[in-house]
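S.K.: Below is one structure. I have some questions about it.
The values are calculated or read from the model by the stated rules, or taken from the named source; none is laboratory data. Not measured: the values here are computed from a predicted model. Using ideal geometry, Cβ is built from the backbone for each residue, glycine included, and neighbour counts are taken over all protein chains shown. Just the protein is used for accessible areas: all its heavy atoms, side chains included, with ligands, DNA and RNA removed. Shrake-Rupley method; radii C 1.70, N 1.55, O 1.52, S 1.80 Å.
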Amino acid sequence: MAIDVFGLLALLVFVGLLLLYAAMGRRWPVVFRPMPGFEVIGKGIERAVEAGERVHLSLGTGSVPGKDSAPALAGLAVLSRVAAATTMSDKPAVVTAGDGALAILAQDTLRAAYDKLGARERYEPTAARMLGPSPFSYVASLPMVLASEDVSIHILIGSFGAEGALAAVFGERRQAFVLAGTDDIPSQALLYAVAQHPLIGEEVYAGGAYLNVGELHRSSLRAQDVVRALIVGLILAGTLVRTIMDLL
């Protein structure tokens, strides 16, 4: 079995940097670039809670385990912050997914948020649910959820195909605050065209850091920046060495 030495080395460097930044914590303040969607979502949730409206978070149509589960796991990190902000509301957050395992993970995330705030009696398992096993059966069920639950904050962070654009449009039609992101490039283009606050590229994985879910989330972004810079530097150095060798 062949071993990807370069990949293993990059992983070890990343883990080392992650642990280093986590240990340094607040002793080395971190400054992130502005990201309007995450900057205003907190105030939007506060307004929804005060108005007796609900926050909806979609984990997409991916599955666990699977290669498309990564953005949904990023969505679970955002859910932990959203759940904490809406726990004491008359209408706490509701979560939907296109996969049963993701729905169970969402239930566990909600339960943990309620336990942390000492409000376990307010937890409702049905707040996290599976809508449909296929992408379009899932998105076809969304309008009913948005209307019946009186949703004013519509967050889409998960794996989406073309159906993600429909999911965002349903929120826009209700004049809800729509924050949407996925890992699929063509779908990102569609979300950029229809969502009020689209997430582009790796921004979908930055929610935990921007919403202060935990120190490891902030440390992860810092480690990613360093590893990215190292990889670019190695590529440039290799190109330079190859060019010099060809000239000689």
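A quick yes/no check of all residues on (1) assigned to a helix (DSSP H, G or I); (2) touching a residue at least 12 places away in the same chain (Cβ under 8 Å); (3) open to solvent by less than 70 Å² (accessible area, probe 1.4 Å):
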position: 179; (1), (2), (3): no, yes, yes
position: 188; (1), (2), (3): yes, yes, yes
position: 193; (1), (2), (3): yes, yes, no
position: 203; (1), (2), (3): yes, yes, yes
position: 209; (1), (2), (3): yes, yes, yes
position: 216; (1), (2), (3): yes, yes, no
position: 219; (1), (2), (3): yes, yes, yes
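S.K.: Moving to a separate point now. Mind listing whichever residues of the range 57-86 are open to solvent by 50 Å² or more (accessible area, probe 1.4 Å) and among the charged types (D, E, K, R)?
M.R.: 67, 81
S.K.: Every residue in the range 15-31 that is within 13 Å of residue 225 (Cα to Cα) and open to solvent by less than 60 Å² (accessible area, probe 1.4 Å), please.
M.R.: 17, 18, 21, 30
S.K.: Tell me yes or no: at least one residue of the range 103-112 is over 16 Å from residue 179 (Cα atoms) and modelled with pLDDT under 90.
M.R.: The answer is no, given that none of the residues of the range 103-112 is over 16 Å from residue 179 (Cα atoms) and modelled with pLDDT under 90.
S.K.: With the checklist (1) over 18 Å from the mean Cα position of the chain (by Cα); (2) open to solvent by 80 Å² or more (accessible area, probe 1.4 Å); (3) at pLDDT below 85 in hand, flag the one item residue 235 doesn't pass.
M.R.: The single condition residue 235 does not satisfy is (3).
S.K.: In the range 221-248, how many residues are without any contact (Cβ under 8 Å) to a residue 60 or more places away in the chain and either not polar (S, T, N, Q) or not in a helix (DSSP H, G or I) (or both)?
M.R.: Adding up the residues that qualify gives 18.
S.K.: Follow-up. In the range 123-151, how many are part of a helix (DSSP H, G or I) and surrounded by 14 or more Cβ atoms within 10 Å (Cβ to Cβ)?
M.R.: 11
S.K.: Taking residue 168 and the conditions (1) surrounded by fewer than 16 Cβ atoms within 10 Å (Cβ to Cβ); (2) touching a helix residue (DSSP H, G or I) at 6+ places or on another chain (Cβ under 8 Å), which numbered condition does it fall short on, given that it satisfies the others?
M.R.: It fails just one condition, (1).
S.K.: Residue 12 - would you say it is surrounded by fewer than 18 Cβ atoms within 10 Å (Cβ to Cβ), more than 15 Å from the chain's Cα centre (by Cα), at pLDDT below 90 and assigned to a helix (DSSP H, G or I)?
M.R.: Answer is yes for this residue.
S.K.: Would you tally the residues in the range 120-147 being closer than 16 Å to residue 108 by Cβ, without any contact (Cβ under 8 Å) to a residue 24 or more places away in the chain and small (Gly, Ala, Ser)?
M.R.: 0
S.K.: With respect to residue 54, determine if the residue is open to solvent by less than 50 Å² (accessible area, probe 1.4 Å) and among the basic types (Lys, Arg).
M.R.: Yes, satisfied.
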